[in-house]
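Asker: Right, I'll just put the structure down here and ask away after.
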Amino acid sequence: MSVHRNVKRVTTHVLQEMKDSGEKITMLTGYDFSMARIIDTAGIDVILVGDSASNVMAGHETTLPITLDQMIYHASSVVRAVDRALVVVDLPFGSYQGNSKEALSSAIRIMKESGGHAVKMEGGREILESVSRILTAGIPVMGHLGLTPQSIYKFGTYVVRAKEEEEAARLIEDAKALEEVGCFAIVLEKIPAKLAARVAKEVNIPIIGIGAGNGVDGQVLVVHDMLGINNEFNPRFLRKYHNLYQEMLGSFHRYIEDVKSGDFPNEEESY
Ligand code: KIV
């Protein structure tokens with residue numbers, strides 16, 4: 001068991017110490033009170049209230065439709081459940097791309113109304129002004145580079161990013177720029193493992209990967225994916241720790257049978 005497992009509260013400083021000492025950082029998404037309670041009790045370091053809530057909670061095809069109000073609802077449910085983990089909340093599409101003033105007011109709303117501890121934003125140099133303004137207000141910012149799902153209509157596909165030299169070089173420059181402006185960590189999504197490892201080496205802040213190999217400082221997965229709740233999503237980078245889709249389906253089938261047959265409730269389950 002490693003040193004930082006015993007910290008009472010994970011802070012951005014704790015994450016930096018973990019990187020500096022070579023201890024891997026664990027991060028999972030969370031969107032609701034009950035799940036976040038279990039994840040926090042397990043000892044996860046960071047819970048990300050991801051805008052993937054748009055997909056897994058609301059059933060949208062992309063992350064674009066989720067609103068700032070909806071993110072605040074999810075984040076406040078998670079914050080109420082958590083004693084130890086750092087809670088990072090995604091700024092949703094449309095809440096920060098307009099200008100830095102709008103970005104700051106979105107970040108302030110998240111911090112004030114949800115009680116989250118930090119925000120995450122997708123993009124590199126093009127959002128630096130907004131990142132900087134949010135940091136000036138004392139709000140910690142996590143960056144997100146590589147596959148950035150809020151730009152899916154620009155990319156056109158969810159394939160691995162930065163395979164070509166030019167895009168890889170741009171990503172490294174973006175990571176350095178985000179570090180320089182003051183981000184406390186960066187998520188790298190779906191990029192070659194070699195490139196991600198290089199970023200983790202050349203940048204001093206923690207680099208958390210998803211589909212970015214093992215040479216980074218920590219890993220993040222969408223909790224519904226790693227539990228196997230969604231049986232239609234099977235990318236190469238995903239390790240499934242459960243097949244909850246089948247387990248839950250079985251339980252729902254048994255419940256339907258028990259009610260239809262009159263077996264439930266029995267005498268012991270009645271007043
Ligand atoms: O929204 C999300 O779940 C994310 C992770 C995939 C990193 O941004």
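Here, each number is a calculation from the coordinates, and none is a lab measurement. It should be emphasised that the depicted structure is a prediction, and the values quoted were computed from it without experimental measurement. Neighbour counts are summed over all protein chains in view; Cβ atoms, including those assigned to glycine, are modelled from backbone coordinates with ideal geometry.
Asker: Starting from the coordinates of the alpha-carbon atoms of the chain, obtain the Kirkwood hydrodynamic radius over all distinct pairs and give the value in Å to one decimal.
Answerer: Hydrodynamic radius (Kirkwood, Cα only) of the chain equals 19.4 Å.
Asker: Then there's this: Assuming R0 = 30 Å, can you tell me the calculated FRET efficiency for the pair Glu126 and His13, based on Cβ-Cβ distance, to the nearest 0.05?
Answerer: Details: r = 28 Å, r/R0 = 0.94.
The formula returns an efficiency of 0.60 here.
Asker: Rounded to the nearest 500, what is the 222 nm mean residue ellipticity of the chain from helices alone, with -39500 (n - 2.57) per DSSP H run of 4+ residues and division by all residues? Present the calculation step by step, with values, prior to reporting the outcome.
Answerer: Details: 11 runs with 115 residues, N = 271.
My calculation for the chain gives -12500 deg cm²/dmol from helical runs alone.
Asker: Nothing charged except the Cβ atoms of Lys and Arg (+1) and of Asp and Glu (-1): what's the magnitude of the dipole of the chain about its Cα centre? Round to the nearest 20 debye.
Answerer: Numbers: 28 positive and 36 negative charges, 142 e Å.
Approximately 680 debye in magnitude.
Asker: Moving to a separate point now. Which lysines, if any, have their Cα less than 27 Å from the Cα of Lys201, not counting same-chain residues under 8 positions apart?
Answerer: Lys19, Lys24, Lys120, Lys163, Lys176, Lys190
Asker: Multiply the residue gap between Glu102 and Glu247 by 0.36 nm, knock off their C-alpha separation, and tell me the result in nm, one decimal place. Don't skip to the answer; put the middle values down first.
Answerer: On the way: separation 145, 0.36 × 145 = 52.20 nm, distance 4.41 nm.
Gain in length upon complete extension: 47.8 nm.
Asker: Please compute the length gained on full extension between Tyr158 and Phe233, using 0.36 nm multiplied by the number of residues separating them and subtracting their Cα-Cα distance.
Answerer: Details: separation 75, 0.36 × 75 = 27.00 nm, distance 1.23 nm.
Full-extension gain reported as 25.8 nm.
Asker: Still on this structure, I have one more. Just order 119-129, 247-257 by mean Cβ neighbour count inside 10 Å, highest at the front, would you? Walk me through the numbers on the way to the answer.
Answerer: Working: 119-129: 19.5, 247-257: 11.3.
Ranked from most to least packed, the peptides come out as 119-129, 247-257.
Asker: Pull out the extension gain between Lys24 and Ala58, defined as 0.36 nm times the separation in residues minus the alpha carbon to alpha carbon distance; nm, one decimal. Walk me through the numbers on the way to the answer.
Answerer: Details: separation 34, 0.36 × 34 = 12.24 nm, distance 3.12 nm.
Value of the extension gain: 9.1 nm.
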